[in-house]
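Notes follow the structure.
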Amino acid sequence: MATVLDSLVVPRSSALPSSAALSPIAAASSVSSLSGRSGLRHYRGLKVGSALRTRSVGSLSYGPAAGGARHRRGGLVVCEAQDTAVEVPPVTDATWQSLVLESDSPVLVEFWAPWCGPCRMIHPIIDELAKQYAGKLKCYKVNTDEGAAIATQYGIRSIPTVIIFKGGEKKDAVIGAVPKSTLTTSIEKFL
């Protein structure tokens with residue numbers, strides 16, 4: 001349950017005794033007594049060390065454990081992507097010919113940049129597609145800041161842009177952060 005704080009009176013620094021007149025210990029105790037009177041908890045920082053025990057479920061860890069340690073309420077943030085993500089390899093000017101144009105299977109290439117927000121939104125979708133179509137479709141990504149020659153060659157003016165190649169030829173292009181279903185429909189045409 002949340003507690004509502006009706007009012008909090010914090011005296012101005014001029015209302016407090018001068019810190020020059022007080023020793024550092026007395027100044028600290030007067031501040032802590034102020035926080036004690038108002039019912040606020042005193043913050044002591046993060047506790048990090050071997051005293052905290054953690055529980056582990058798969059790749060998920062959380063703590064402290066119930067055995068002997070004080071049990072606290074709190075939220076739990078779980079990143080499920082770390083177990084399911086497939087790292088889509090980058091392609092460069094040097095590897096473009098062999099990995100994309102000379103590939104026997106269809107190739108999906110994502111043109112992106114690290115500063116692009118929509119690109120970061122579409123990365124997990126491309127990772128899912130790479131896992132879903134493993135063996136049928138090869139997936140690569142081109143950082144347009146590093147591979148500007150490739151982006152210019154294919155007329156990339158907006159990112160993210162996803163291009164599907166088959167037999168060394170550009171077959172389809174999807175521009176922008178689109179839903180997975182849009183990319184799946186485009187991929188299915190060329191499998």
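In terms of the mean number of neighbouring beta-carbon atoms within 10 Å, the peptides 134-147, 92-105, 164-177 order highest first as 134-147, 164-177, 92-105.
Summing charges over neighbours of residue 144, with a neighbour being any other residue whose Cβ is under 11 Å away from its Cβ, gives -1 when K and R count +1 and D and E count -1. Here residue 189 is the anchor, and the lysines within straight C-alpha reach of less than 23 Å, apart from those fewer than 8 places off in the same chain, are 131, 136, 138, 141, 166, 170, 171, 180. Restricting attention to region 95-189, close to 65% of DSSP beta bridges with both partner residues there are antiparallel. Where a ≥ b ≥ c are the square roots of the eigenvalues of the C-alpha gyration tensor, would you call region 140-181 rounded, which needs a/c under 1.5, or, failing that, prolate if a/b is larger than b/c, or oblate? The shape class here is oblate.
In this structure the amide hydrogen of residue 105, modeled in the peptide plane, comes within under 5 Å of no amide hydrogen from residues 5 or more places off or on another chain.
Anisotropy class assigned to region 91-167 is oblate, per the alpha carbon gyration tensor with a/c at or over the 1.5 cut-off and a/b no larger than b/c.
Computed from the coordinates by the stated procedures, all read-outs in this text should not be read as laboratory data. In this text, all values refer to a predicted model and were calculated from it rather than measured experimentally. Here Cβ is always computed from backbone atoms with ideal geometry, including for glycine, and neighbour counts include all displayed protein chains.
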